[in-house]
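Data block below; observations after.
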Amino acid sequence: MEHLMSSAPHMVDVLTIGKSSEGRPLKVVKVSTGKEMGKPAIWIDGGMHGREWIAPAVALYILKQLVENQLNSNISIIQKLDWYIMPVVNPDGYEYTHVTDRFWRKSRSKTQDAEFEENRMFWDSARECAGVDLNRNWDFHWGEVGSSDNPCSPNYSGLRPFSEPETRAVSDFILDKRDQLKAYITLHSYSQMWLIPWGFTKQKVADYEDLLYLGKKAIESLSKVHGTKYTIGTSPALLYPTSGSSDDWAKGKAGIQYSYTVELRDRGTYGFLLPATQIVPTGRETFAGVRTLAKSLINNR
Ligand code: 0X9
Ligand code: ZN
């Protein structure tokens, strides 16, 4: 990120939007060309869950393509759109998967409430009880289906919506840019799915057909690159229902029309332990999908 900023200072800016629980900087890269202010924009994040290593890698791959690969096919999406890319929403969890537990999902905050303090001896001995599932901590139908109020659960929602510095920083930043943002894309793994809100209910969002149409075009382009098959639909239909997730919040609270959760490769052969040989192919095909979505947004206006 810093390298791209120094090599292309006219179009790349690295913004620090806050600090994680353990004090790591939360960084967003802005890619923008020309002098026009307030162009329509796309947000992409990854690494909300520590163990999903392919997501930060793909976010970085997309960033690098936008900055360095200005071929014909990429020119309009760079000139007509601003891009905000945050490769690692959960740097503490990501670090923890490198040094202690490869399958860690949550953040690493230390929950503190009265009941927790009473049981501190127990919690301290159970290291699973640290952290919050950052994809259950958003302030939209928080704490309903598919989330847990048990700090030791991998799906712990936190004490209240936006209790975590990571979700607070990202949501504040997005709200500030909400008028510009036309799409919110959050990269996760794994399953090869392009997920449409809502996650918290089986009811369809009012403009479901619009989201489905653009999402289908995206996965068609994606599959043309290496033949990788994605399914598209809502989380309750294809996976399971959840609440307090970022895609629902982006749509329901921030009012960003095209909100998607992308579950990257694979379908379970390697799961979170996706071999390094698949990093670039996954980046390439995902970029193709995102580029098609971006072009649809430009033509839609
Ligand atoms: O459970 C999640 O947070 C996501 N799956 S993952 O395996 N990466 O953890 C799916 C979230 C999909 N969106 C909603 N259900 N709202
Ligand atoms: Zn995830």
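The values are calculated or read from the model by the stated rules, or taken from the named source; none is laboratory data. Model, not experiment: these values are computed from the prediction. Backbone-built Cβ (ideal geometry, glycine too); neighbour counts: all protein chains shown.
Odds and ends about this structure:
- Near pairs, Cβ below 6 angstrom, 6+ apart or cross-chain, from the range 25-37 (over 16 Å from A8 (Cα atoms)) to any residue that is part of a strand (DSSP E or B): P25/T16; L26/I17; L26/G18; K27/V14; K27/T16
- Inside the range 29-50, residues that are of a type in the set (A, V, I, L, M) and either closer than 23 Å to W104 by Cα or assigned to a loop (DSSP other than H, G, I, E, B) (or both) make up a count of 3.
- A169, sole failed condition from (1) assigned to a helix (DSSP H, G or I); (2) closer than 20 Å to V262 by Cα; (3) in contact with a Leu (Cβ under 7 Å, 6 or more places away or on another chain): (2)
- Extreme residue, farthest from D45 (Cα to Cα), among residues of the range 238-272 that are within 17 Å of the chain's Cα centre (by Cα) and β-branched (V, I, T): T242
- Qualifying strands (runs of 3 or more DSSP E) (wholly inside the range 182-276; at least 2 residues being within 16 Å of ligand 2 (Cβ to nearest atom) and surrounded by 22 or more Cβ atoms within 10 Å (Cβ to Cβ)): 193-196, 258-264
- Look at (1) buried (at least 19 other Cβ atoms within 10 Å of the Cβ); (2) modelled with pLDDT under 95 and you find that H10 fails only one, number (1).
- Flag if D133 is at pLDDT 95 or above, of a type in the set (D, E, K, R) and closer than 19 Å to W43 by Cβ: no
- Top-ranked residue of the range 68-101 - restricted to ones that are in contact with a strand residue (DSSP E or B) (Cβ under 6 Å, 6 or more places away or on another chain) and of a type in the set (V, I, T), ranked as nearest to ligand 2 (Cβ to nearest atom): V89
- Some residue of the range 106-114 being modelled with pLDDT of 95 or more and either within 15 Å of ligand 2 (Cβ to nearest atom) or out of contact with any Gly (no Cβ under 7 Å at 6 or more places or on another chain) (or both): yes
- Any hit, the range 201-213, residues being under 24 Å from D92 (Cβ atoms) and small (G, A, S): no
- Hey, S21 surrounded by 18 or more Cβ atoms within 10 Å (Cβ to Cβ) and at pLDDT 95 or above or not: yes
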